[in-house]
1. Is it fair to say residue 192 is more than 24 Å from residue 99 (Cβ to Cβ) and modelled with pLDDT under 95?
2. Just to be sure before I move on: is residue 100 in contact (Cβ under 8 Å) with a residue 24 or more places away in the chain, touching a strand residue (DSSP E or B) at 6+ places or on another chain (Cβ under 7 Å) and over 29 Å from residue 69 (Cα atoms) in the structure I sent?
3. Name the single residue that is least open to solvent (accessible area, probe 1.4 Å) among those in the stretch 165-203 being within 25 Å of residue 147 (Cα to Cα) and in contact with a Phe, Trp or Tyr (Cβ under 7 Å, 6 or more places away or on another chain).
4. Of 147, 134, which residue is in contact (Cβ under 8 Å) with a residue 12 or more places away in the chain and either surrounded by fewer than 13 Cβ atoms within 10 Å (Cβ to Cβ) or not in a helix (DSSP H, G or I) (or both)?
5. Pairs, please: C-beta under 6 Å, at least 6 apart or cross-chain, first residue within 18 Å of residue 13 (Cα to Cα) and in the stretch 185-199, second open to solvent by 10 Å² or more (accessible area, probe 1.4 Å) and of a type in the set (Phe, Trp, Tyr)?
6. Look at the stretch 40-54 and say how many of its residues are of a type outside the set (Ser, Thr, Tyr), open to solvent by 40 Å² or more (accessible area, probe 1.4 Å) and out of contact with any Leu (no Cβ under 9 Å at 6 or more places or on another chain).
Amino acid sequence: MEQSEMNLAMEKPLLILASQSPRRKEILSLMRHTFEIIPVDTPENLNARLTVEENVALIALEKAKAAEPYRTKKDAIIIGADTVVAHENRILGKPSSFDEAWAMLAKLQNATHKVHTGFALLSELKQHTECVTTTVTIAPMSSREITYYITEMKPFDKAGAYGIQDPLMACYIQRIEGCYYNVAGLPLSRVHSVLHSHFFAEK
């Protein structure tokens, strides 16, 4: 990191990523801002009385609040996030087995679906939650291709049983409308914008 970047980073509060996801860690690192990771394990139960967008935003906030007791600096800003895939009014979360992953991918191939990521920003003084949605179209996949992808990539920790950044799945992403990083797990552009307009301005 160059001296100018170091000075800029020192002027901003520490960020804390409340996530066990290596993908969110990788995405957040693109900001070139100092952050720590506090892994949290919270229920990701959906409330039938809320919309999908409201659910993921609420779960993201719960994750951020779960990390709050472990805040290492008073002015640190905690980031929580949650991602789900929605297809034909059905929510596709993380598959619990090979068969469930196969069934999910079979539904998504040659079809368009939505990826919703809720994120929460939590400081000592304020909080912000919202949901960002991206539309993705996956090209047709044969039964053999679906089986090969699951066997090789083991996408059991990914909503909808796929990772847009995976070497194999990348070959089938036919169209995307919206933020690419949102599909990967964190809408970085929007997070960056809210941090600068609502949180870093506190300093």
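1. No, not satisfied.
2. no
3. Out of the qualifying residues, it is 169.
4. That would be 134, the only listed residue that is in contact (Cβ under 8 Å) with a residue 12 or more places away in the chain and either surrounded by fewer than 13 Cβ atoms within 10 Å (Cβ to Cβ) or not in a helix (DSSP H, G or I) (or both).
5. Sorted first by the residue in the stretch 185-199, then by its partner, the pairs are 188/181.
6. 9
The values are calculated or read from the model by the stated rules, or taken from the named source; none is laboratory data. What you see is a predicted model; the values in this text were computed from it and never measured. With ideal geometry, Cβ positions are generated from the backbone for all residues, glycine too; neighbour counts draw on all protein chains shown. Ligands, DNA and RNA are excluded from the accessible area calculation, which covers all protein heavy atoms including side chains. Shrake-Rupley method; radii C 1.70, N 1.55, O 1.52, S 1.80 Å.
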